[in-house]
Amino acid sequence: MRLHASSTEIPLMSDELTRDDVTHVARLARLSLTEAELDTFTAQLADILSHVADLQNLDLEGVEPMVHPLPLTNVMRADVVTPSLDRDEVLSQAPLAEDGRFRVPPVLGEDR
Amino acid sequence: MTARTAVALAAEIASGKRSAREVVNEHLARIDDREEELHAFNLVLADSARKQADAVDAAIAAGETLGPLAGVPVALKDNMCTRGVPTTCSSRILDGWRPPYDATAVTRLTEAGAITIGKTNMDEFAMGSSTENSAFGPTRNPVNPRLVPGGSSGGSAAAVAADFAPISLGSDTGGSIRQPAAFCGLVGVKPTYGAVSRYGLIAFGSSLDQIGPFAHSVEDAALVTEIIGGHDPLDSTSIAQPAMDLCAVLETGVDGLRVGIITDLMGDELDAEVVAATNAAATALEAAGASIGHVTVPAVLSGIGAYYVVAPAEASSNLARYDGVRYGLRVDAANTGTMNELTRSAGFGDEVKRRIMLGTYALSAGYYDAYYGTAQKVRTLIAREFAAAYENFDVLLCPTTPTTAFEFGAKADPMSMYMNDLCTIPSNLAGHPAISVPFGVDGDQRPIGVQVLAPAMGEPVMFRVAAELERNQPA
């Protein structure tokens with residue numbers, strides 16, 4: 001797995017993005033892919049990343065990253081109770097709810 | 001010819017010339033005629049629209065004060081929450097979900113008297129430029145049904161172009177209002193980031209997304225932008241100022257304004273006819289009293305590269321919430337981890353998966369600085385170059401799209417589809433407003449859009465220029 005590089009250089013992805021990388025990323029993103037999808041996505045993502053790699057040709061010396069398009073500060077509100085969403089209405093839209101909570105299958109136990 | 005614009009329809013209803021019920025029925029009849037062919041909507045709200053129209057007519061009969069859009073039908077992109085009404089983002093993953101609240105922009109339109117006539121089709125989660133990525137099938141361009149309407153707000157554009165509603169709302173993350181507006185011959189507005197509340201807009205790229213209108217006229221677009229704009233405490237990125245006065249400036253003209261043509265977006269990678277229309281628009285503005293110059297903003301050419309890091313990165317984070325627990329679809333499994341994975345794999349389409357993986361990759365350990373950090377620096381660079389350009393110009397001018405509307409399947413590989421956003425993405429990255437105004441057609445009678453860009457909160461001057469272009473349409 002190559003996902004430990006620490007360089008700030010953008011690697012030349014078209015050469016380097018592998019099926020293993022995409023498998024790993026899909027796992028991180030909780031997506032399961034078929035073998036055919038893996039081939040297609042690997043080629044497409046490599047193509048997109050090679051376009052992105054052009055950014056390394058820019059002179060970005062001394063340019064600060066834009067954190068946000070607006071000069072924002074923290075937004076505070078008065079510490080008073082205001083109406084919020086109706087719990088039953090929210091829970092009624094979940095796939096499964098019980099006793100005022102979202103219900104899920106067991107979290108612990110056999111992995112995958 | 002019956003009234004086509006929201007302003008004209010509202011006047012007819014308010015004056016009693018026609019009832020709101022009649023106006024709504026007329027639009028529903030057009031939907032009956034052409035919707036099967038065009039597929040602008042995911043959901044048509046005929047019954048509730050008629051009911052709301054009757055309420056408007058009752059209010060008129062009772063002599064009540066009416067909102068500026070009383071009785072006017074509006075179509076909403078299906079990524080805006082509508083309480084109790086299915087909201088899908090054109091994705092299977094939100095199957096059956098009914099939001100427990102309304103988006104602020106929707107609330108404001110409703111308070112102004114507008115009647116929601118339907119929820120419009122879109123590229124799934126607003127990821128696309130043709131509306132071919134909808135889980136429910138594509139929308140067709142009413143101008144020429146062999147062509148895509150653009151995207152991602154293709155349904156909202158088609159709904160207005162087909163007179164299913166005089167106005168609609170879309171969302172614009174990299175051009176998703178302006179590009180379909182150009183393709184369908186409409187006015188489309190991407191407001192300043194923070195000028196319109198994003199509360200209840202289902203998030204794609206949170207630092208880029210803005211809601212804005214589609215309309216037949218600059219006046220309608222200005223009116224809707226006014227109504228939905230202004231501070232909203234429910235969106236912490238909302239600018240703490242009231243909505244800008246826009247309708248009041250439309251007749252001001254452009255005398256003395258300095259208009260800069262962005263030369264970087266007038267080159268060979270764009271259709272010659274689109275470039276020619278943009279030059280013709282500049283000439284028209286000059287004849288109306290503006291001074292025209294040329295300016296180079298080279299960083300805009302790096303916009304697509306930066307955007308396809310920032311937008312997928314934010315999307316991968318925003319779409320993590322679709323895990324089969326809280327809304328819509330769940331594919332059951334023996335444990336939660338497997339359930340999450342099966343649900344997401346079944347619920348998301350290919351383009352959404354592609355962008356989630358791209359974003360996950362760009363944010364993953366070791367690559368964060370190289371990708372996300374670099375892309376955020378490019379945003380600063382674009383903003384700096386725009387700021388320098390605005391020292392000499394009041395507005396900037398360029399095409400909205402590199403080409404006019406294309407045929408279905410014409411941009412099958414993702415990168416060629418992404419190139420569509422060349423001229424629109426820089427405004428999202430900088431957080432600036434931009435408007436697409438129809439300006440002629442190409443040799444195949446496909447509409448051409450010309451784009452007016454302004455600095456943050458520059459909507460008043462942007463709308464002045466747009467109104468002048470509307471008054472000086474090519475023969």
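Data table
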quantity: Search result, residues across the stretch A:81-112 that are of a type in the set (Asp, Glu) and at pLDDT 90 or above; calculated: A:Asp86, A:Asp88, A:Glu89, A:Glu98, A:Asp99
quantity: Number of positions in the stretch B:418-463 that are within 14 Å of chain A (Cβ to nearest Cβ), of a type outside the set (A, V, I, L, M, F, W, C) and over 26 Å from B:Met127 (Cβ atoms); calculated: 2
quantity: Matching entry among B:Tyr361, B:Tyr308 (being crowded, with 22+ Cβ neighbours inside 10 Å, free of Cβ contacts under 8 Å to residues at least 24 places away in the same chain, facing another protein chain (nearest Cβ under 7 Å) and within 29 Å of A:Thr34 (Cβ to Cβ)); calculated: B:Tyr361
quantity: Failed criterion for B:Gly256 (all others in (1) of a type outside the set (Phe, Trp, Tyr); (2) within 14 Å of chain A (Cβ to nearest Cβ); (3) in contact with a strand residue (DSSP E or B) (Cβ under 9 Å, 6 or more places away or on another chain) hold); calculated: (2)
quantity: Meets criteria (touching a His at 6+ places or on another chain (Cβ under 9 Å), surrounded by fewer than 17 Cβ atoms within 10 Å (Cβ to Cβ) and of a type outside the set (A, V, I, L, M)) for B:Gly289; calculated: no
quantity: Residue satisfying all of: in the stretch B:181-220; touching a Gly at 6+ places or on another chain (Cβ under 6 Å) and in a strand (DSSP E or B); farthest from B:Pro433 (Cα to Cα) among these; calculated: B:Phe214
quantity: Elements of type helices (runs of 4 or more DSSP H) in the stretch B:357-475, at least 3 residues being of a type in the set (S, T, N, Q); calculated: B:374-389
quantity: Residues that are within 14 Å of B:Arg198 (Cβ to Cβ), within 13 Å of chain A (Cβ to nearest Cβ) and charged (D, E, K, R), drawn from the stretch B:73-108; calculated: B:Asp102
quantity: Residue in the stretch B:269-286 that is exposed (fewer than 15 other Cβ atoms within 10 Å of the Cβ), in a loop (DSSP other than H, G, I, E, B) and on the phi < 0 side of the Ramachandran plot present; calculated: yes
quantity: Output for the stretch B:320-356, where each listed residue is hydrophobic (A, V, I, L, M, F, W, C), farther than 20 Å from B:Gly205 by Cα and in a helix (DSSP H, G or I); calculated: B:Met339, B:Leu342, B:Ala346
quantity: Qualifying residue in the stretch B:144-156 (condition: within 19 Å of B:Gly188 (Cβ to Cβ) and surrounded by fewer than 24 Cβ atoms within 10 Å (Cβ to Cβ)); calculated: yes
quantity: Filtered residue count, the stretch B:334-349, keeping only those that are more than 7 Å from chain A (Cβ to nearest Cβ) and small (Gly, Ala, Ser); calculated: 3
quantity: Residue in the stretch B:108-119 that is within 15 Å of the chain's Cα centre (by Cα) and of a type in the set (Asp, Glu) present; calculated: no
quantity: Residue match in the stretch B:346-353 (condition: of a type in the set (Gly, Ala, Ser), over 30 Å from B:Leu453 (Cβ atoms) and free of Cβ contacts under 8 Å to residues at least 40 places away in the same chain); calculated: no
quantity: Odd one out for B:Glu251, checked against (1) under 30 Å from B:Leu69 (Cα atoms); (2) assigned to a strand (DSSP E or B); calculated: (2)
quantity: Failed item, numbered, when B:Asn318 is tested on (1) within 10 Å of another protein chain (Cβ to nearest Cβ); (2) surrounded by fewer than 23 Cβ atoms within 10 Å (Cβ to Cβ); (3) polar (S, T, N, Q); (4) closer than 24 Å to B:Arg198 by Cα; calculated: (1)
quantity: Residues located in the stretch B:365-376, provided they are buried (at least 21 other Cβ atoms within 10 Å of the Cβ) and either within 12 Å of A:Leu31 (Cβ to Cβ) or free of Cβ contacts under 8 Å to residues at least 12 places away in the same chain (or both); calculated: B:Tyr367, B:Ala370
quantity: Matching option when the condition is within 10 Å of chain B (Cβ to nearest Cβ) and in a loop (DSSP other than H, G, I, E, B), among A:Asp21, A:Asp54, A:Asp59, A:Asp47; calculated: A:Asp59
quantity: The lone exception for A:Met66 - which of (1) at the interface with another protein chain (Cβ under 9 Å from one of its Cβ atoms); (2) on the phi > 0 side of the Ramachandran plot it fails; calculated: (2)
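The values are calculated or read from the model by the stated rules, or taken from the named source; none is laboratory data. These numbers were taken from a predicted model, which means no experiment stands behind them. Ideal geometry is used to build each Cβ from the backbone, glycine not excepted, and the neighbour counts take in all protein chains shown.
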